[in-house]
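Undergrad: Encoded as C-alpha cells, here's the structure I'll be asking about.
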Amino acid sequence: MANIIDGRALANKLQVKLAQKTAQLKAEKGLTPGIVVIIVGDNPASQVYVRNKERAAIAAGFKSEIVRLPLSTSQDDLIFLITKYNLDANWHGILVQLPLPDHIDPEAVLLAIDPEKDVDGFHPINMGRLWSGHPVMIPSTPAGIMEMFHEYGVELEGKRAVVIGRSNIVGKPMAQLLLNKNATVTLTHSRTHHLARIASQADILVVAIGRGHFVTKDFVKEGAVVIDVGMNRNQEGKFIGDVKFDEVAEKASLITPVPGGVGPMTITMLMEQTYEAAVRSLKN
Ligand code: NAP
C-alpha cells in the first residue's frame, strides 16, 4: 500500500515559511509583495478561485487587490488596465482569471501582461524560458508537484517519467520541469497509442487529463510514484481525481489523493512566485 503525499500539510508548511520570509523582506528592504487579480464577469467557480487567492495573499502578508470587471468589459479596456498595473511598481504579480468571456481573446490578454509580473507563467516568454532550461516564472500546478517530489525525497534523475495530458498549464510545463531534473520524459495525450502500456513503464506517473478515474491499476508499475492532478465531479457532486485511487494505491509507492493532494499546493506556489518576483524587482 502506497504512502500518501499530503499536499495540504505541505502547502500549510510552505505558507508559514512564506509569511516569515515576507515579514523579513518588509523589515529589511521595506518591500511588500503585491498581487492583483483581475476577473471579468461572474463565473461562480472563478469567484471562488479568486477569493481563495486573495485569502492566501493576505495570509502571506502581501498587498492584494481584486479587480472585478463587468461581463461587458471590452478587450481594449482590459488590456489598458493590465498596462496600468504593468507600469505600477507596487504590483509584482498580475493574474487574469480564466476563462474570459467569448468576446475577449485570452491570447491577446496574456501577451499584454509584463512577463516579469506574469506569476501564472503562461506568457510565451516565460514558457520559452522554461523550455530553454532557464525558468523564471513557472505555472503553479507543476511547480507545486516539483515541491512535492522534493519534500518526499523522490529521485528524478535518470528515472522514467510519463506525463498524461499536454495542456500548457499542466502537462507541457510538467514534462519540461522533469526533463530539467534529468528524468527521461514521455509526454502523452489523447492520440497516444498503447497509453496504458507506456504509462506502466513509468517510475513517475503524472496524470492531468480531466477524466474521473481514467487511470486504473493497469496503467501503473509496481512501486511507481503517482501524481493525480485531475479535479472532476462524480455523480454525487464529489471531487474525484483522474486516477482510481484505491486500486492504484495498492501498487504505487507514493500517491497524491484528490482532494488534498496537488490542489492545495497550486495557490501556495502562486504566492511563492509573487514573492520571488518582488525580490527580483529589487535587482532591476
Ligand atoms: P485540458 O487543458 O483539458 O487538457 C487535457 C489533456 O488531457 C489534453 O492534453 C488531452 O489530450 C489529454 N487527454 C484527454 N483525454 C485523454 C485520454 N483519454 N487519454 C490521454 N490523454 C487525454 O486540462 P488541464 O487544464 O491540463 O487539466 C487537467 C485536469 O487537471 C482537470 O481535471 C483540471 O480540473 C485539473 N487541474 C487541477 C489543478 C489543481 O490545482 N489541482 C490545476 C489545473 C488543472 P489532447 O491534447 O490530445 O486533447
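The values are calculated or read from the model by the stated rules, or taken from the named source; none is laboratory data. On a predicted model such as this, the values are computed, not experimentally measured, just so you know. Ideal geometry is used to build each Cβ from the backbone, glycine not excepted, and the neighbour counts take in all protein chains shown. Accessible surface areas use protein heavy atoms only, side chains included; no ligands, DNA or RNA. Shrake-Rupley method; radii C 1.70, N 1.55, O 1.52, S 1.80 Å.
Undergrad: If I ask for residues that are under 15 Å from Glu272 (Cβ atoms) and either open to solvent by 10 Å² or more (accessible area, probe 1.4 Å) or outside any strand (DSSP E or B) (or both), which ones from region 32-51 would you list?
TA: Pro33
Undergrad: OK, next. State all residues of region 135-158 that are assigned to a loop (DSSP other than H, G, I, E, B) and open to solvent by 10 Å² or more (accessible area, probe 1.4 Å); if no residue qualifies, say none.
TA: Start the filter on region 135-158 by keeping residues that are assigned to a loop (DSSP other than H, G, I, E, B), which leaves 135-139, 152-158.
Listed by number, the residues that qualify are Pro135, Val136, Ile138, Tyr152, Gly153, Val154, Glu155, Leu156, Glu157, Gly158.
Undergrad: Based on this model, can you work out whether Thr192 counts as over 15 Å from Pro257 (Cα atoms), near the ligand (Cβ under 9 Å from one of its atoms), modelled with pLDDT of 95 or more and β-branched (Val, Ile, Thr)?
TA: Details: over 15 Å from Pro257 (Cα atoms): yes; near the ligand (Cβ under 9 Å from one of its atoms): yes; modelled with pLDDT of 95 or more: yes; β-branched (Val, Ile, Thr): yes.
Here the answer is yes, as Thr192 does meet what is asked.
Undergrad: Let me ask something additional. Find all pairs meeting these conditions: Cβ atoms under 8 angstrom apart; at least six residues apart or on different chains; first residue within region 86-113 and within 19 Å of Met269 (Cβ to Cβ); second residue open to solvent by 70 Å² or more (accessible area, probe 1.4 Å) and outside any strand (DSSP E or B).
TA: Short answer, once both residue conditions are applied: Gln97/Tyr49.
Undergrad: Considering each residue of region 159-180, count those that are more than 12 Å from the ligand (Cβ to nearest atom), closer than 17 Å to Gly133 by Cα and surrounded by fewer than 19 Cβ atoms within 10 Å (Cβ to Cβ), and give that number. If you could, list the steps in order and put the result at the bottom.
TA: Taking region 159-180 as the starting set, the residues that turn out to be more than 12 Å from the ligand (Cβ to nearest atom) are 159-161, 176-180.
Now restrict to residues that are closer than 17 Å to Gly133 by Cα: 176-180.
Narrowing the set further to residues that are surrounded by fewer than 19 Cβ atoms within 10 Å (Cβ to Cβ) leaves 179-180.
Qualifying residue count for the region: 2.
Undergrad: Please count how many residues of region 215-230 are within 15 Å of the ligand (Cβ to nearest atom), touching a residue at least 24 places away in the same chain (Cβ under 8 Å) and either surrounded by fewer than 18 Cβ atoms within 10 Å (Cβ to Cβ) or in a strand (DSSP E or B) (or both).
TA: 5
Undergrad: When you go through Leu31, Leu25, Leu69 one by one, which is the residue that is under 17 Å from His103 (Cα atoms) and aliphatic (A, V, I, L, M)?
TA: Details: Leu31 fails: under 17 Å from His103 (Cα atoms); Leu25 fails: under 17 Å from His103 (Cα atoms).
Exactly one residue qualifies, and that residue is Leu69.
Undergrad: To continue, here is another question. Could you tell me how many of the residues in region 252-276 are part of a loop (DSSP other than H, G, I, E, B), of a type outside the set (Ser, Thr, Tyr) and in contact (Cβ under 8 Å) with a residue 40 or more places away in the chain? Please lay out each step first, then the result.
TA: First pass over region 252-276, keeping only residues part of a loop (DSSP other than H, G, I, E, B): 252-253, 256-261.
Then drop every residue that is not of a type outside the set (Ser, Thr, Tyr), which leaves 252, 257-261.
Then keep just the ones that are in contact (Cβ under 8 Å) with a residue 40 or more places away in the chain; that gives 252, 257, 260-261.
Number satisfying all stated conditions: 4.
Undergrad: Same structure, new question: For a quick check of your reading of the model, give me the residue pairs whose first member lies in region 201-214 and is within 14 Å of Leu187 (Cβ to Cβ) and part of a loop (DSSP other than H, G, I, E, B), whose second is of a type in the set (Gly, Ala, Ser) and within 14 Å of the ligand (Cβ to nearest atom), with beta-carbon atoms closer than 8 Å and at least 6 apart or on different chains.
TA: Here the result reads Ala208/Gly165; Ala208/Ser167; Ala208/Gly171; Ala208/Gly230; Ile209/Gly165; Ile209/Ser190; Ile209/Gly230, each pair linking region 201-214 to a residue that is of a type in the set (Gly, Ala, Ser) and within 14 Å of the ligand (Cβ to nearest atom).
Undergrad: Further question: Quick check: anything in region 236-251 within 10 Å of the ligand (Cβ to nearest atom), open to solvent by 40 Å² or more (accessible area, probe 1.4 Å), outside any strand (DSSP E or B) and farther than 23 Å from Leu156 by Cβ? So that I can check it myself, show each step before the final result.
TA: Within region 236-251, the subset within 10 Å of the ligand (Cβ to nearest atom) is 239-242.
Among the residues that remain, those that are also open to solvent by 40 Å² or more (accessible area, probe 1.4 Å) are: 239.
Keeping just the survivors that are outside any strand (DSSP E or B) gives none.
Looking for residues that are within 10 Å of the ligand (Cβ to nearest atom), open to solvent by 40 Å² or more (accessible area, probe 1.4 Å), outside any strand (DSSP E or B) and farther than 23 Å from Leu156 by Cβ, one finds none in region 236-251, hence no.
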